[in-house]
């Protein structure tokens, strides 16, 4: 499938969807604490998305039964919200997708629950640093492999594992578009980056082995060694200059 280059109007629509995603994450950062359930987090996200006139990209996608992904500790991605109450010392990755006026925005972050271990804090910081390395490589004229290699080098240099079985992706009118954006690879390979490309860049980093498996629910992906993982993602616009995070909160919006 061809890589879709977005028009100025398309990009404005994606910025609008991205702002709703960012507002959900602002809310998550304020309410995640010991005792809250992942279902309550899902409900809080739905309230913001609905008030903005959007819909949750993930709800019903491939049969997914919730509006956000809430992945706790060893859960890497695709955790299903439910009655699980968060505990002091947990880490939780929240992945949010919003569909608004024909376009999707997609971003994830990993949050501490109360006071967490130094190891867990370092894991979260390393995951965000890996994203920043990939983001810096998302420059017109580079290739997808330059993003992948930068993410891998950053995470592994910090002593962490980088998940290989799941990848970032193009995003726009569809939740998943070409190209695939792996979190490991060789610089100078893959599709050439062009202005107007929109990519979900999303390192998934582990405290131990990079190997993962899917649970019997058919969704939740966990580390094989059951050590914690972290996930960080933005929808990124490739431009003629510095790339742009379309899911970065530009101004506070209260719904």
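Nothing in this text is a laboratory measurement; each read-out follows from the coordinates by a stated rule. Just so it is clear, the model here is predicted, and its values are computed rather than measured. Please note: Cβ atoms are built from the backbone with ideal geometry, for glycine as well, and neighbour counts cover all protein chains shown.
Going by the alpha-carbon gyration tensor, a ≥ b ≥ c the square roots of its eigenvalues, is the range 135-181 rounded (a/c under 1.5) or, if a/c is not under 1.5, prolate (a/b greater than b/c) versus oblate? Oblate shape, in that a/c is at least 1.5 and b/c is the bigger or equal ratio. Extending 7 Å from the Cα toward the beta-carbon at both residue 164 and residue 7 defines two label points whose distance is 4.2 nm. The helix-only estimate of mean residue ellipticity at 222 nm for the chain, built from DSSP H runs of length n ≥ 4 each weighted as -39500 (n - 2.57), is -9500 deg cm²/dmol after division by the residue total. Placing a label point 7 Å from the Cα of residue 214 along the Cα-to-Cβ line, the residues of the range 161-195 whose backbone N sits under 19 Å from it are 163-169, 175-177, 180-183. Taking a ≥ b ≥ c as the square roots of the Cα gyration tensor eigenvalues, the range 73-211 comes out oblate, since a/c reaches at least 1.5 and a/b does not exceed b/c. For the range 157-200, place one equal point scatterer on every Cα, skip the solvent, and apply the Debye formula. What is log10 of I(q)/I(0) at q = 0.32 Å⁻¹? Scattering profile of the range 157-200, log10 relative to I(0): -1.22.
Suppose R0 equals 22 Å; then what is the FRET efficiency for residue 227 and residue 156 from their Cβ-Cβ distance, rounded to the nearest 0.05? Taking R0 as 22 Å, the efficiency between residue 227 and residue 156 is 0.90. Compactness ratio for the chain: Cα radius of gyration over 2.2 N^0.38 Å (N = residue count) comes to 0.93. Contact order for the chain, expressed relative to its length and based on alpha carbon pairs under 8 Å spaced 6+ residues apart, stands at 23 percent.
With R₀ fixed at 22 Å, the C-beta to C-beta distance from residue 61 to residue 101 puts the FRET efficiency at about 0.75. Between residue 248 and residue 47, the simple spin-label model (points 7 angstrom out along Cα→Cβ) gives 2.9 nm.
Mark the label point 7 Å from the Cα of residue 33 along Cα→Cβ and return the residues of the range 109-139 whose backbone N is within less than 14 Å of it. Counting only backbone N, you get 113-115.
Here the range 22-46 is scanned for amide nitrogen atoms under 19 Å from the site 7 Å beyond the Cα of residue 121 along Cα-to-Cβ, giving 29-30, 32-34.
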